[in-house]
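The values are calculated or read from the model by the stated rules, or taken from the named source; none is laboratory data. Computed from a predicted structure; not experimentally measured. Here the Cβ positions follow ideal geometry from the backbone for every residue, glycine too, while neighbour counts run over all protein chains shown.
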Ligand SMILES: Cc1ncc(COP(=O)(O)O)c(C=O)c1O
């Protein structure tokens, strides 16, 4: 018998031991596996599966909390802006307002780089397509490989270009949670409460691989306590609030 922390692993264990009809039962609803095994009717109906929902995400709650603010922001013309670029980070919106765009997710500031723009336009013209319509793992434009190599060198890493930051974290965080990047030893994933919201939905995927904890913003004391308690911690903090 082996027993691991995550519920899904325990369910796997039960699947090996009990008749097929009683397989889909949550372990959390009863004090122990043994009691549960005893409690199953021998030839009875399948027990309804108990599922714990909203452990890491709660979209209905999120909408309830956020909807008013989004509506206010839309009515105040602070969101849903469609803009033209008049100069680097200078924009004009559909209401004729000119403004300086300070809110940026362009950490490397490459969006307005003349050399990069020129190269991108040239390569798209050469290729006569925006991309190869396939998974990039299988087949991608040669220019993209050059771009990734050129980005890798200065950072002394293997840089991967993704369509957005969110796509990158969706791909990487579950792998990190599974321990694939740490010698197959899954770290406990500790998310700062204010880490970028686009990572929130990934917590559920990570939680199927390892323990996921959300700590108050910048709470180094709690992080320190967790580091003392757990063998391996991956701390996810993104943002500067
Ligand atoms: C971790 C992270 N994910 C996502 C985003 C949002 O960017 P994108 O629209 O490229 O996903 C940001 C931007 O600040 C970010 O820091």
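Observations on the model:
- Test: residue in the range 175-183 that is closer than 27 Å to residue 103 by Cα and within 15 Å of the ligand (Cβ to nearest atom): no
- Residue match in the range 149-168 (condition: assigned to a helix (DSSP H, G or I), under 30 Å from residue 54 (Cβ atoms) and in contact with a helix residue (DSSP H, G or I) (Cβ under 9 Å, 6 or more places away or on another chain)): yes
- Residue check for residue 172: buried (at least 16 other Cβ atoms within 10 Å of the Cβ), closer than 25 Å to residue 54 by Cβ and within 16 Å of the ligand (Cβ to nearest atom): no
- In this structure, residue 109 qualifies as within 16 Å of the ligand (Cβ to nearest atom) and loosely packed, with under 13 Cβ neighbours inside 10 Å.
- So residue 161, is it touching a strand residue (DSSP E or B) at 6+ places or on another chain (Cβ under 8 Å) and within 16 Å of the ligand (Cβ to nearest atom): no
- Residue match in the range 112-124 (condition: part of a loop (DSSP other than H, G, I, E, B) and in contact (Cβ under 8 Å) with a residue 12 or more places away in the chain): yes
- Qualifying positions in the range 193-208 - in contact (Cβ under 8 Å) with a residue 60 or more places away in the chain and either assigned to a loop (DSSP other than H, G, I, E, B) or within 11 Å of the ligand (Cβ to nearest atom) (or both): 200, 208
- Qualifying residue in the range 213-232 (condition: within 16 Å of the ligand (Cβ to nearest atom), out of contact with any strand residue (DSSP E or B) (no Cβ under 9 Å at 6 or more places or on another chain) and part of a loop (DSSP other than H, G, I, E, B)): no
Each row is one residue, and each column tells you yes or no for (1) at pLDDT 55 or above; (2) assigned to a helix (DSSP H, G or I); (3) over 30 Å from the mean Cα position of the chain (by Cα).
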site: 34; (1), (2), (3): no, yes, yes
site: 38; (1), (2), (3): no, yes, yes
site: 54; (1), (2), (3): yes, no, no
site: 95; (1), (2), (3): yes, no, yes
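- Answer from 177, 186 - the residue that is farther than 28 Å from residue 104 by Cα, touching a helix residue (DSSP H, G or I) at 6+ places or on another chain (Cβ under 7 Å), modelled with pLDDT of 95 or more and part of a loop (DSSP other than H, G, I, E, B): 186
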